[in-house]
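Student: Sharing a structure, written as structure tokens. Questions coming.
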Amino acid sequence: MSPAPGACRIAPRTDDPDFTRELIPGRPVAGRWLALDYALDRFADPVRPLLRFARSDGTHEDALLPGPVLGRAAWLGPVPPGTARILLAAPAEGFRIEAARLLSRGAVLAIGARRRPDKLPVALYQWLRRDARRLRNTLRIAAGVRPLAEYSTWKAERARPFEPALDRVPAGPLPRLGLILEAAADEAEAVRRTVAALLAQGHRDWRLSLTWRGPAPAGLLPDPRIAADTLPDGVAMGHLRPGDVLAPDALTHLAAAFAGSAPADLAYADSEADTRDGLRPSLKPGWSPDLALTTLYPGRPLLVSAALVARTGWAPGQGARALLLAATLAGPARIRRIPRILCRAAPEAPDPDGHEADLAAALERAGAPAALVRTGDVLDLDWPLPEPPPLVSIVIPTRDRPELLRVAVRGVLQDTAYPFLELVIVDNGSTDPGVAALHAEWESDKRVRRLDRPGPFNFSRLVNDGVAASRGAVLVLLNNDVEVLHPDWLTAMVRQALRPEVGAVGAKLLFGNGRIQHAGVVVGLGGRAGHILRNRPADTPGHLGRLTVAHEVAGVTAACLAVTREKFDAVGGLDSEAFPIDFNDIDFCLRLGARGWHAIWTPRAVLAHHESVSRGPSVGAARARFEAEGDRFAARWRGTIRDDPYYHPAFSVTTFGEELE
């Protein structure tokens, strides 16, 4: 049988340890789009595959594909001009390409018109403007990206049945798991559904403690592994709710996390739930203790090792929420996040009062210094400031644009409530007389220092020089186009930066129109790194409500970034050689992360950022420089780009986040 028109042949490669396959098209690739369908062992870690479009001149463009979290995934994107070879980085074992074919732009337009017709007017406008780059992105979104509201359709297209030849069940005996189910008498039917799913599990070494509030219905102990009112034994323990339905391989995945020479202290997986808007997933980030405490995002299924349970002092009857909070505050060393949808979770009523009481009790038992802050149903944590608070050095690199600088400096000096600060203005050769007039105004303010650094613009070097000339224990990098909106912004950032485990701290930055400019950086977004949920309304809660609270992220922007001097110096500041202008901030955050200091983004520090208005957009030589820095960033952090721990592998990296690929 002859291959289908546009089909690609797959050939192995041995000259690169990552790119081990090559897609060999059956026709010229110029102006074409590549459609790729692939499958992965359901028990393998669904790391994102990576495509490399290599040109004959030695340059290349990379495309990050979705992780096949349901066993199968698909990607559709343009083949860049000048492509000579298409290379693929994917797991060496348990990975299968099911189809690889080239499509015309017309075929992609037809797919996009069917899936997201609202994007067509935008595409037409970009076509008329001959804006090829934005047109490609719009067509990519229309044809290859689905909003979360279309989860059911997306799931149906990507789920596949178990295949013994591809799906390798973990070998060896897996440990026993203990489960707790508490129910009222009127929940008997829901309990039957949960028990039926347990009886259908592939992993059969489990015990269930079934406790009834009130009289126990008859006929609901159909298996000797189910007992009433006794704490189940097992190497790990977790709760279920009446009506939870575990996927048939759920306990196999979870038990495997607690097997081997380095068993997990805590393991959790994705879930889905029926809501009034239809079936919706909970696609959970990697381990984020701040987020776990304030949003309880691990949800179900969640198992905690018996050793960690004993260390927390948790006791039966305290409930699932108290177990999660106690385990989080105990500081589990080995956490296994399973990015697979392993549970249809039963709905439960919100309980902000119970959450607040349990969290307050858990913080007190753990001796954690944080205080609770509640706004409506949102709980956040306030970390302590020493008395007196430390001196903060705010470093602002600038050149000309006195109208911007005046606003930024006024916000720091007049509109900021934090009591102990100094301002170091690093001037990169301003010639506008308005700047000199401003410095004359500020000359009598002993908090302000001017550092002259003329020469070619190198943001990283300007920042490093400003830091070297400053005196504070806490450093804040601030752009000259940032405007203070609330006086407590600096206090909120310093509280986070002083935590021993925290590296860089970022703020919630808004465009002048009030929409989100920065809510944390996702590594891999846009191919290298990008701002999640950019240009969404300011009150957007984000998936799992994470934009309502402070939480861990891969990185934050240097437009407003706080870090202690000790940690800044420990990693050598910003890399002024590799990243003089762009990618320096996220590279800095990742180097801090490599030392064990994670980045935190907080919505309690809110500022306006008139992004890059002082520099303007990158075009011509500036665009080439941007691409060169981006390539260096991608080469240095390739592994993190393929697996940002705080961004789910099912999410698209084409849009600004939280849509399905």
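Only the coordinates and a few stated rules stand behind these numbers; no lab work does. All values reported here derive from a predicted model rather than from experimental measurement. Backbone-built Cβ (ideal geometry, glycine too); neighbour counts: all protein chains shown.
Student: Tell me the Rg and the Dmax, in Å, that the Cα atoms of region 562-661 produce.
Tutor: Spelled out, the Cα radius of gyration and Dmax of region 562-661 are 15.4, 41 Å.
Student: How big is D for region 289-357, in µm² s⁻¹ as a whole number, if Stokes-Einstein is applied with the Kirkwood radius of its Cα pairs at 37 °C and 0.692 mPa s?
Tutor: 250 µm²/s
Student: Please report, in debye to the nearest 20, how large the charge dipole of the chain is about its Cα centre when each Lys and Arg carries +1 at its beta carbon and each Asp and Glu carries -1 there.
Tutor: In total the dipole reaches around 2000 debye.
Student: For Ala538 and Asp445, FRET efficiency with R0 = 25 Å and r from the beta-carbon atoms, rounded to 0.05?
Tutor: Taking R0 as 25 Å, the efficiency between Asp445 and Ala538 is 0.20.
Student: Skipping prolines and chain starts, which residues have an amide H placed within reach, meaning under 5 Å, of the one on Ala247, given they are 5 or more residues away or on another chain?
Tutor: Cys343, Arg344
Student: Take the Cα radius of gyration of region 1-87 and divide it by 2.2 N^0.38 Å, with N its residue count; two decimals is plenty.
Tutor: Region 1-87 yields a ratio of 1.12.
Student: Can you find, among Ser305, Ile641, Ile600, the residue farthest towards the positive end of the dipole of the chain? Put +1 on the C-beta of Lys and Arg, -1 on that of Asp and Glu.
Tutor: Projecting each Cα onto the dipole axis, the largest value belongs to Ile641.
Student: Could you run the Debye sum over the Cα atoms of region 177-382, one equal point scatterer each and no solvent, and tell me log10 of I(q)/I(0) at q = 0.08, 0.10, 0.11, 0.16 Å⁻¹, two decimals?
Tutor: The Debye formula, applied to the Cα set alone, gives -0.26, -0.41, -0.50, -1.10.
Student: Now, a different point. Count of lysine pairs in the chain with Cα atoms under 30 Å apart, counting only pairs 8 or more residues apart in sequence or on different chains?
Tutor: 9
Student: As a test of understanding, state the convex hull volume per residue of region 181-246 from its alpha carbons, in Å³.
Tutor: Convex hull volume per residue, Cα atoms: 81 Å³.
Student: Let me ask something else about it. For region 209-262, state the semi-axes of the equivalent ellipsoid (square roots of 5 times the eigenvalues of the alpha-carbon gyration tensor), sorted largest first and rounded to whole angstrom.
Tutor: Semi-axes (√(5λ), whole Å): 25, 13, 10.
Student: Next question, about the same structure. So what are region 8-158's ellipsoid semi-axes, whole angstrom, largest first, if each one is the square root of 5 times an eigenvalue of the alpha-carbon gyration tensor?
Tutor: 26, 21, 12
Student: If you don't mind, another one. What's the extension gain from Ala622 to Asp16 if we count 0.36 nm per residue and subtract their Cα-Cα distance?
Tutor: So the chain would gain 215.1 nm between Ala622 and Asp16.
Student: Give me the Kirkwood hydrodynamic radius of region 304-393 in Å, from all C-alpha pairs, to one decimal place?
Tutor: The answer is 15.6 Å.
Student: Wrap a convex hull around the Cα atoms of region 433-513, take a quarter of its surface area, and give that in square nanometres.
Tutor: 7.5 nm²
Student: Which semi-axes, in whole Å and largest first, does the equivalent ellipsoid of region 490-582 have when worked out from the alpha carbon gyration tensor as the square roots of 5 times its eigenvalues?
Tutor: 23, 17, 12
Student: Based on the Cβ-Cβ distance from Arg213 to Arg115, what FRET efficiency comes out when R0 is 51 Å, to the nearest 0.05?
Tutor: Once rounded, the FRET efficiency stands at 0.60.
Student: So if I take the centroid of the Cα atoms in region 379-456 and the same for region 250-283, what is the distance between those two points in Å?
Tutor: So the two Cα centres are separated by 47 Å.
Student: Treating the beta-carbon of each Lys and Arg as +1 and of each Asp and Glu as -1, no other charges, what is the dipole magnitude of region 172-270 about its Cα centre, to the nearest 20 debye?
Tutor: Charge dipole, region 172-270, about its Cα centre: 180 debye, nearest 20.
Student: While we're looking at this one, here's another question. Set Lys and Arg Cβ to +1 and Asp and Glu Cβ to -1, take the dipole of region 329-423 about its Cα centre, and tell me which of Pro390, Leu413, Ala330 lies farthest positive.
Tutor: Going by the charge dipole, the pick is Ala330.
Student: Name the long-range amide H neighbours of Leu533: under 5 Å, sequence gap of 5 or more, or other chain; modelled H, no Pro or chain starts.
Tutor: Excluding prolines and chain starts, which carry no amide H, the hits are Gly657.
Student: Taking the Cβ-Cβ separation of Arg204 and Ala469 as r and a Förster radius of 56 Å, what is the calculated FRET efficiency to the nearest 0.05?
Tutor: The formula returns an efficiency of 0.25 here.
Student: Given labels modelled 7 Å from the Cα in the Cβ direction, how far is it in nm from Gln318 to Thr59?
Tutor: Inter-label distance under the simple model: 5.9 nm.
Student: In debye, nearest 20: dipole of region 392-642 around its Cα centre with unit charges on the Cβ of K, R (+) and D, E (-)?
Tutor: 600 debye
Student: Still on this structure: In the calculated pair distance distribution of the chain, what percentage of Cα-Cα distances lie above 34 Å?
Tutor: Of all Cα-Cα distances in the chain, 50 percent exceed 34 Å.
Student: Sticking with the crude label model, points 7 Å out along Cα→Cβ, report the distance from Trp127 to Asp274 in nm, one decimal please.
Tutor: Once both label points are built, they end up 4.3 nm from each other.
Student: OK, next. Output needed: percent of Cα pairs per 10 Å distance bin for region 392-642, bins running from 0 to the one holding the longest distance.
Tutor: With 10 Å bins starting at 0, P(r) equals 7, 33, 39, 18, 2, 0.
Student: Determine the relative contact order of the chain: mean sequence separation of Cα pairs under 8 Å and six or more apart, normalised by residue count, in whole percent.
Tutor: 12 percent
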